[in-house]
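No value in this document is a laboratory result; all are computed from the given coordinates. If you're wondering where the values come from, they're calculated on a predicted model, not measured in any experiment. Note that we place each Cβ from the backbone using ideal geometry, even for glycine, and neighbour counts take in every protein chain shown.
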Amino acid sequence: MVQRVSTVAFEGIDARAVDVQVQVAPGLPAFAIVGLPDKAVSEARERVRSALIASGLALPARRITVNLAPADLPKEGSHYDLPIALGLMVAIGAIPPDALAGFTVLGELGLDGSIAPVAGVLPAAIGANARDEGLICPAGCGAEAAWASPDIEIVAARSLIQIANHFKGVQVLSRPRPRIHPHSAPQLDLRDIKGQESAKRALEIAAAGGHHLLMTGSPGAGKSMLAARLPSILPPLSPAELLEVSMIASVAGQIEGGELTDRRPFRAPHHSASMAALTGGGMRARPGEISLAHNGVLFLDELPEFEPRVLDSLRQPLENGEVSVSRANHRVTYPARFMLVAAMNPCRCGHAYEPGYACKRGRNDRCTADYQARISGPLMDRLDLRIEVPAVSASDLLLPPPSEGSVDVAARVASARAIQTERFAALDLPQIRTNAEAPAAVLEVVAQPDAAGLKLLRDVAETMRLSARGYHRVLRVARTLADLDGAEQVGRLHLAEALSYRALGDDLRRAA
Ligand SMILES: Nc1ncnc2c1ncn2[C@@H]1O[C@H](COP(=O)(O)OP(=O)(O)OP(=O)(O)O)[C@@H](O)[C@H]1O
Ligand SMILES: [Mg+2]
């Protein structure tokens, strides 16, 4: 007789159904797991055996075979412990034979029979709900699973004994409730930054339209400080975005206590980050920093210090909003639609842009060219807003704090974003949320400049040598500037400002 229990295997953030087949047959005592298990799955044998003994049950002294079907799909992770143990418990009569029908099961076992949290409970619950099944999961992940749907049946247990009692009707477990993480710590405020008005303006534009931003300036000018305050002006996640972000966090095992958060992700990996850490993959497929930054911000501080090969791996995700990671025998795709914010010094000495400063390593332009050559042209081309952040003078620091704080800026950002959401919804493109995501064809409809604007574009396209991508990126920024103004049409001033943000990097490149 073969017992069947449903569980899942993760491919990207999708949960694919896996059938755990448990057979207890006459023969010499043995316990084998087949169906492309990785090391963690093979080790399930020892955990399952000990957990059953600790729960007062013994493995039958017979030949036990566990097959994880489909057999050609690789199985990774420790969440197969619980479905295997429950299959065995049905086989030995510890829980009623039909109890597990209509449930997807995942969880890791401790040697004492306790059930430990695992990654990926949210996508598993969403997958189970789509198949009209309930979910049996660790107690620590119950609140996370409850987000899948208000109707899905969830059994979130602490131990094998609790599950057995639940199905025997001795002690029925109540359904967990979805929870949002309460944020008590206040966010850093833009009011802390003195001077730097144009940098703050660029930060506001980037936040309003989801544009990529590069800040170049002397050490101690406040670049890292500015970036750290970006989350305080971004609008909270919409329910759909919240679910997307949480699915990725869930697969990465980064949801603590089952509580989701509605703050936009802000990821700031160190410049020693490897390609696998940034784009995902590695021994076990995991989303990388760029996927964890989905719908939020990826901040790369000291941009030229990143390995050039690692930086260039961002080019494709920046273009299409997802990243494909090749594994030994298959590929997985993770969403990666993020806002890239980068900061750097103009040269290795750091002060090349300061008036009257002479670089120690030779001519200033040679020094900046050497340093900036680490960033490829195509990557630079993808950065819409490039600004210079000059050093603040002591007299700036002595000024009283600015009257405008993050709350005021956040309100303007929110209204500009509302205009964008409405616009794309009216065009029947609800999947586009910001101007930065608008494809070129849509852009031609929504960001058509007025006559004066067109003339400016024509004059400047030649001298600035705008690439096709550059041209569209300028239009996107100009559209955001018009939205911040509440203007219907993109005007000459909007375009002029958008072009000025592009000019900086180009000037540097030409100097190099
Ligand atoms: N505009 C400013 N207003 C107030 N304090 C500032 C400002 N700029 C810099 N500071 C002070 O200087 C410190 C360093 O700033 P920050 O780390 O942001 O510099 P940075 O531009 O990132 O430098 P680096 O290029 O060396 O990374 C801040 O912690 C803050 O105390
Ligand atoms: Mg810094």
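Among DSSP beta bridges whose residues both lie in segment 2-168, state the antiparallel percentage, nearest 5. Could the numbers behind the result be given before it?
Details: 20 of 34 bridges.
So the antiparallel bridges amount to about 60 percent of the total.
I'd like the antiparallel share, as a percent to the nearest 5, of DSSP beta bridges with both residues in segment 190-405.
DSSP beta bridges in segment 190-405 are roughly 25 percent antiparallel.
Arrange the following residues from fewest to most other Cβ atoms within 10 Å of their Cβ: D132, D38, D112, D428.
D428, D132, D112, D38
Using the alpha-carbon centroid of each, what span in Å lies between segment 437-487 and segment 286-362?
About 25 Å separates the Cα centre of segment 437-487 from the one of segment 286-362.
Lys and Arg at +1, Asp and Glu at -1: add these up for the other residues within a Cβ distance under 10 Å of A17 and post the number.
Neighbourhood net charge equals 0.
What shape does segment 22-61 take by its C-alpha gyration tensor, where a ≥ b ≥ c are the square roots of the eigenvalues and a/c under 1.5 counts as rounded, a/b above b/c as prolate, and the rest as oblate? Can you show the working numbers first?
Values: a/c = 2.68, a/b = 1.18, b/c = 2.28.
Since a/c reaches 1.5 but b/c is at least a/b, the shape of segment 22-61 is classed as oblate.
Under the 0.36 nm per residue contour assumption, what length would be gained going from the current alpha-carbon distance of R158 and A425 to full extension?
Extra length from R158 to A425 when fully extended: 91.7 nm.
If contacts are Cα pairs under 8 angstrom and at least 6 residues apart, what is the relative contact order of segment 190-405 in percent?
It comes to 32 percent, rounded to a whole number.
Rounded to the nearest 500, what is the chain's calculated 222 nm mean residue ellipticity when only DSSP H runs of at least 4 contribute -39500 (n - 2.57) each, over all residues?
Details: 21 runs with 199 residues, N = 512.
The helix-only estimate for the chain comes to -11000 deg cm²/dmol at 222 nm.
Work out how much length S224 to H181 would gain on full extension: take 0.36 nm times their residue separation and subtract the Cα-Cα distance, in nm to one decimal. Could you put the intermediate results ahead of the total?
Numbers: separation 43, 0.36 × 43 = 15.48 nm, distance 2.63 nm.
12.9 nm is the gain from fully extending S224 to H181.
Lysine pairs in the chain with Cα distance under 26 Å, only those 8 or more apart or on different chains: how many are there?
Qualifying lysine pairs in the chain: 4.
Using only alpha carbon pairs under 8 Å that are at least six residues apart, calculate the relative contact order of the chain and give it in whole percent.
Relative contact order, the chain: 13 percent.
Kindly express, to the nearest 10 degrees and within the range 0 to 90, the angle between helix 44-54's C-alpha long axis and the longest C-alpha principal axis of the chain.
Tilt relative to the chain: about 60 degrees.
For the Cα atoms of the chain, what angle does the longest principal axis make with the long axis of helix 239-251, in degrees from 0 to 90, nearest 10?
Tilt of helix 239-251: around 60 degrees.
Round to the nearest 10 and give me the degree value, 0 to 90, for the angle of helix 81-91's Cα axis relative to the longest principal axis of the chain.
That helix lies at roughly 20 degrees to the long axis.
So what's the net charge close to F306: Lys and Arg +1, Asp and Glu -1, counting the other residues with Cβ under 12 Å from its Cβ?
Surrounding charge for F306 is -4.
Can you classify segment 206-336 as rounded, prolate or oblate using the Cα gyration tensor, where a ≥ b ≥ c are the square roots of its eigenvalues, rounded means a/c under 1.5, and otherwise it's prolate if a/b beats b/c and oblate if not? Don't skip to the end; give the middle numbers.
Working: a/c = 1.84, a/b = 1.15, b/c = 1.59.
It is oblate, given that a/c is not under 1.5 and a/b is not larger than b/c.
Given labels modelled 7 Å from the Cα in the Cβ direction, how far is it in nm from A440 to L73?
3.8 nm
Work through the residues other than R4 whose Cβ is under 15 Å from its Cβ and net out their charges, Lys, Arg +1 and Asp, Glu -1.
-2
Using Cα pairs under 8 angstrom and six or more residues apart, how large is the relative contact order of segment 2-168, in percent?
23 percent
How much length would be gained if the chain were fully extended between A503 and A268, taking 0.36 nm per residue of separation minus their Cα-Cα distance, in nm to one decimal?
Between A503 and A268, full extension yields an extra 82.0 nm.
Taking the Cα centre of each part, how many Å lie between segment 81-102 and segment 196-249?
Cα centres, segment 81-102 to segment 196-249: 49 Å.
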